[in-house]
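Remarks on the structure that follows.
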Amino acid sequence: MVPLNLPNVLTLLRILAVPVVVVALLDGTPHGDTLAAIVFALAALTDGLDGYIARSRDSVTTFGKLMDPLADKLLITAALISLVSLNRLPAWVAMVIIAREFAVTGLRSIAADRGVVIAASWMGKVKTVLQIGAVFALIIFNPAPLWADILVYLALAATVISGFDYFFGLRKRIEEQRLKEKAHRDERRADDSAEIDLISENR
């Protein structure tokens with residue numbers, strides 16, 4: 001059962017906002033772009049808010065850890081695919097961003113299996129802000145002005161760079177953990193050997 005605290009409610013609301021954004025964009029309803037932009041902006045605002053509230057109130061849950069990043073990816077992915085369908089965004093740009101997001105999700109699963117936790121870097125936070133800004137600009141402006149196109153490619157660059165940063169950071173952390181575990185095993189073997197020697201001397 002889902003723990004009903006404020007951060008988890010915000011995460012659920014962000015997930016529920018996804019179909020609203022898609023329908024508002026694709027259904028051709030009056031003022032659909034404005035509605036999609038407002039809902040997307042509010043949903044994006046809850047992205048940082050739910051994590052902050054969870055940490056400040058010490059109400060971090062397993063549900064929140066799993067669903068918070070998933071909600072972020074659903075929101076961005078759905079918006080990108082909708083914008084591609086409307087010919088407001090090149091398909092290859094959307095695919096690069098989506099592929100990076102799911103690749104990082106896979107890397108996080110590998111890291112979790114190895115007991116490695118990597119905190120969000122400043123580069124990852126910049127990437128998120130640029131992605132949200134670019135998507136919002138493409139939703140609200142049609143056709144997009146030059147600055148919005150520049151923002152899209154800045155978001156793309158930050159997405160790729162932060163993806164490489166995450167990958168190499170994960171490799172470094174896994175290698176550090178492997179060396180730490182090896183040193184721990186060597187220490188235990190040394191202690192066992194010293195204990196055996198002491199027993200032998202006492203006989």
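The values are calculated or read from the model by the stated rules, or taken from the named source; none is laboratory data. The structure displayed is predicted, hence computed values, not measured ones. As a convention, Cβ positions derive from the backbone with ideal geometry for all residues, glycine included, and neighbour counts pool all protein chains shown. SASA here: full protein model, heavy atoms, side chains in, ligands and nucleic acids out. Shrake-Rupley method; radii C 1.70, N 1.55, O 1.52, S 1.80 Å.
Being modelled with pLDDT under 70, within 21 Å of the chain's Cα centre (by Cα) and surrounded by 16 or more Cβ atoms within 10 Å (Cβ to Cβ), is that true of even one residue in segment 43-50? Among the residues of segment 43-50, at least one is modelled with pLDDT under 70, within 21 Å of the chain's Cα centre (by Cα) and surrounded by 16 or more Cβ atoms within 10 Å (Cβ to Cβ), which makes the answer yes. For segment 101-147, which positions are open to solvent by less than 40 Å² (accessible area, probe 1.4 Å), modelled with pLDDT under 80 and of a type outside the set (Gly, Ala, Ser)? If the condition is that a residue be open to solvent by less than 40 Å² (accessible area, probe 1.4 Å), modelled with pLDDT under 80 and of a type outside the set (Gly, Ala, Ser), then Leu107, Val116 are the ones that fit. Within segment 24-33, the set of residues being open to solvent by 70 Å² or more (accessible area, probe 1.4 Å) and touching a helix residue (DSSP H, G or I) at 6+ places or on another chain (Cβ under 8 Å) comprises just one member, Leu26.
Looking at this structure, is Thr61 modelled with pLDDT of 75 or more and either open to solvent by 70 Å² or more (accessible area, probe 1.4 Å) or among the polar types (S, T, N, Q) (or both)? Taking the combined requirement at face value, the residue does not satisfy it.
Of all the numbered requirements in (1) farther than 27 Å from Asp47 by Cβ; (2) among the hydroxyl-bearing types (Ser, Thr, Tyr); (3) at pLDDT 70 or above, Tyr166 misses one, and that requirement is (1).
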